[in-house]
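A short write-up of the structure that comes next.
The values are calculated or read from the model by the stated rules, or taken from the named source; none is laboratory data. Since we're looking at a predicted model, the values are computed, not measured. Here Cβ is always computed from backbone atoms with ideal geometry, including for glycine, and neighbour counts include all displayed protein chains.
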Amino acid sequence: MQCCMAATALAVTAGSSASAQALVPPPISSRQTAPLRIKPQDLRVNTYLLDLAGPGAVVGVVGGGLLEQLWHKPSVWSHDAEGLAHRIGSRATQKAVQVSVRHGLASVMGYSTGYRPCGCRGLGRKVEHALLETFTDHRADGSRALSVPRIAGSYAGGLSRLAWEPYRNVSGVAVNTTLSFGFTAVFNIARELTGFAP
């Protein structure tokens, strides 16, 4: 009898400890999730992709192709959907070459590619800053240097169109590319004066 009572007591004790263990949540793992760390090269890749295929790039490529279609330039391409596709494709390839050369050289040279707003007051200081941002880049130490990547990228993109637009010539590309820096400067001045900083 004592034997049966002891066995019953053991069974009840084992059952209650098993049910108590079932109610206790499993221990929390000591391994925690590492904080998200963004590396400089990740930012560079994101900036490259944004410059290559972001909304501004798409609007510029498609808008430029539509303007060339309206002006019927180049005249050797038809004025129908096929001609528009050629014009947009030409501008898209130019953009890809320009952005790739610029970002590639900037990465090798350790230059930034982003626009840094002035945050200053006064028309003269804003205009001066906008012009500096047009023709210079920031080094890793924060100092400024002539924007060799931007200049090389712009001319490489312009010259790349010679491959599928043989009626273009080098001097015309050089003039157009040089004028594009003037348009960029005007855009940067407007950006500073309005506070628009995409």
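Data overview
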| quantity | calculated |
| --- | --- |
| Criterion violated by SER160 - all others in (1) farther than 24 Å from SER75 by Cβ; (2) not in a loop (DSSP other than H, G, I, E, B) satisfied | (1) |
| Candidate set: the range 176-198, residues that are of a type in the set (Val, Ile, Thr) and under 16 Å from ARG125 (Cα atoms); chosen: the one surrounded by the most Cβ atoms within 10 Å (Cβ to Cβ) | ILE189 |
| Filtered residues of the range 95-113 (kept if polar (S, T, N, Q) and outside any loop (DSSP other than H, G, I, E, B)) | GLN98, SER100, SER107 |
| Enumeration of residues in the range 86-131 that are in contact with a helix residue (DSSP H, G or I) (Cβ under 7 Å, 6 or more places away or on another chain) and among the β-branched types (Val, Ile, Thr) | ILE88, THR93, VAL97, VAL99, VAL101, THR113, VAL127 |
| Hits in the range 113-144 (condition: more than 18 Å from ALA185 (Cβ to Cβ) and touching a strand residue (DSSP E or B) at 6+ places or on another chain (Cβ under 8 Å)) | ARG139 |
| Residue identified as closer than 29 Å to VAL45 by Cβ, hydroxyl-bearing (Ser, Thr, Tyr) and surrounded by 19 or more Cβ atoms within 10 Å (Cβ to Cβ) among SER100, SER90 | SER90 |
| All positions within the range 21-64 that are at pLDDT below 60 and part of a helix (DSSP H, G or I) | GLN21, ALA22, LEU23, PRO40, GLN41 |
| Complete set of residues in the range 168-189 that are among the polar types (S, T, N, Q) and free of Cβ contacts under 8 Å to residues at least 12 places away in the same chain | ASN169, SER171, THR178 |
| Check on GLY157, surrounded by 12 or more Cβ atoms within 10 Å (Cβ to Cβ) and at pLDDT 95 or above | yes |
| Criterion: in contact with an Asp or Glu (Cβ under 6 Å, 6 or more places away or on another chain) and either touching a residue at least 60 places away in the same chain (Cβ under 8 Å) or among the β-branched types (Val, Ile, Thr) (or both) - qualifying residue of VAL76, VAL99 | VAL99 |
| Unique match (being at pLDDT 95 or above and loosely packed, with under 15 Cβ neighbours inside 10 Å) among ALA140, ALA145 | ALA145 |
| Unique match (being assigned to a loop (DSSP other than H, G, I, E, B), touching a residue at least 12 places away in the same chain (Cβ under 8 Å) and among the charged types (D, E, K, R)) among GLU165, GLU192, GLU133 | GLU165 |
| Tally of residues being over 17 Å from TYR167 (Cα atoms), in contact with a helix residue (DSSP H, G or I) (Cβ under 6 Å, 6 or more places away or on another chain) and acidic (Asp, Glu) across the range 49-85 | 1 |
| Failed condition for ARG116, given (1) surrounded by 14 or more Cβ atoms within 10 Å (Cβ to Cβ); (2) not in a helix (DSSP H, G or I) | (1) |
| Pairs with Cβ under 6 Å, 6+ apart, first in the range 81-94 and part of a helix (DSSP H, G or I), second crowded, with 18+ Cβ neighbours inside 10 Å and hydroxyl-bearing (Ser, Thr, Tyr) | GLN94/SER160 |
